[in-house]
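Some notes on the structure that comes next.
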Amino acid sequence: MKRRSLIIGAAAGAVAPVVAGAAPAAAALGAGTGPTRPRPGASLAGNKASRLTTLPAATRQVVVVTATSWKTSYATLETFAKVSGRWTPVSAALSARIGSKFFSDHHVEGVPTTPTGVYAFGPTIYGIAANPGVRYPYHRLVTNDWWNENPKSSAYNTFQHRATNPGGYSEALWKEKPAYTHFAVLTYNMAPNVPKPVPNAGSGIFLHEFSRTPSGPTAGCVSLAHADLVRVLRWLDPAAQPRIVMCPLDSLGRY
């Protein structure tokens with residue numbers, strides 16, 4: 001399914017080591033090239049992250065994407081870090097877009113819904129442009145880099161470098177400008193959420209840049225403005241085992 005915004009109608013790799021001197025996982029999203037300190041007075045018992053009960057015990061960063069209802073493609077993305085055992089807001093709410101058919105508990109291939117649930121970030125961050133300074137391994141896309149979205153393929157829902165289109169809804173990642181200037185893979189229908197991708201359950205769910213201005217809905221991914229996306233990607237720290245939670249606000253208590 002094409003992930004660019006609609007105008008109408010896991011990669012393999014080892015987790016990167018923590019770089020010596022890097023900012024701690026609790027750092028806030030900065031406006032410049034790196035993180036700054038957590039927002040003063042932001043540790044609030046009633047924040048969205050504090051309502052989550054299913055995150056892994058080792059998770060110290062969480063991204064929460066919520067919409068006000070099941071019938072909107074407009075969403076907000078917020079980031080939180082665990083500080084002294086408490087979830088602390090890191091960023092203000094960032095404007096985001098989700099699938100043109102909104103959130104769904106039953107996402108399938110070819111339908112532009114955004115899957116609800118809790119997911120990890122894939123071990124590699126990708127992009128057409130050069131590494132913006134992320135802590136994960138980064139792969140700069142080249143010609144013939146594909147995301148396999150063919151349910152009949154044994155490599156369904158994986159990154160592939162190959163000379164021919166894998167078929168189905170597979171995406172030529174290097175051509176998706178500006179959406180794939182940088183993007184993170186969300187582990188929907190891939191490990192560790194499932195042992196291996198389930199055919200037709202959906203593929204290629206990413207956190208990426210808005211495809212146009214003004215922003216439009218996506219075909220299932222979560223999108224942000226370029227500057228907001230870069231700040232989030234720089235903040236994510238594989239050592240903090242980050243997760244992303246996606247759902248309408250009234251369903252947050254499930255997770």
Check your understanding: What per residue convex hull volume, in Å³, comes out for the range 56-159 when only alpha-carbon positions are used?
Key -> 161 Å³
**Study point:** 1.4 Å probe accessible area per residue over the range 152-221, in Å²
**Key:** 42 Å²
Practice item. Take the solvent-accessible surface of the protein heavy atoms, probe 1.4 Å, and return the percent of it on the range 192-255 that carbon and sulfur atoms account for. Key: 56 percent
Exercise for review: Amide H neighbours of Val83 under 5 Å, at least 5 residues apart or on other chains, H built in the peptide plane: list them.
Suggested key: Thr88
Check your understanding: What net charge is computed for the residues neighbouring Arg135, neighbours being all others with C-beta under 10 Å from the C-beta of Arg135, Lys and Arg scored +1, Asp and Glu -1?
Key -> 0
Point to revise | Residue-count net charge about Tyr126 - beta-carbon cut-off 9 Å; Lys, Arg +1, Asp, Glu -1 | key: 0
Practice item. Return the long-range amide H neighbours of Gly220 (sequence gap of 5 or more, or a different chain), with a cut-off of under 5 Å between placed amide H atoms. Key: Gly99, Ser100
Check your understanding: Suppose R0 equals 35 Å; then what is the FRET efficiency for Thr54 and Ala163 from their Cβ-Cβ distance, rounded to the nearest 0.05?
Key -> 0.25
Practice item. For Lys71, list the lysines whose Cα falls under 23 Å from its own Cα; do not include residues on the same chain fewer than 8 positions away. Key: Lys2, Lys48, Lys101
Practice item. Note the full-extension length gain between Asn200 and Ala92 as 0.36 nm times their separation in residues minus their Cα-Cα distance, in nm to one decimal. Key: 35.3 nm
Review point. What translational D, rounded to a whole number of µm²/s, comes out for the range 127-255 from Stokes-Einstein when the hydrodynamic radius is the Kirkwood one over Cα pairs, at 10 °C and 1.306 mPa s?
Key: 101 µm²/s
Point to revise | Tail fraction, Cα-Cα pairs, the range 170-230, threshold 12 Å, whole percent | key: 68 percent
Exercise for review: Quick one: net charge around Trp174, please, counting Lys, Arg +1 and Asp, Glu -1 for every other residue with C-beta under 12 Å from its C-beta.
Suggested key: 0
Exercise for review: Give, in nm to one decimal, the length gained when the segment between Lys175 and Asn193 is fully stretched (0.36 nm per residue of separation minus the Cα-Cα distance).
Suggested key: 3.6 nm
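The values are calculated or read from the model by the stated rules, or taken from the named source; none is laboratory data. Please read these numbers as outputs of a predicted model, since none were measured by experiment. Cβ atoms come from the backbone with ideal geometry, glycine included; neighbour counts cover every protein chain shown. SASA here: full protein model, heavy atoms, side chains in, ligands and nucleic acids out. Shrake-Rupley method; radii C 1.70, N 1.55, O 1.52, S 1.80 Å.
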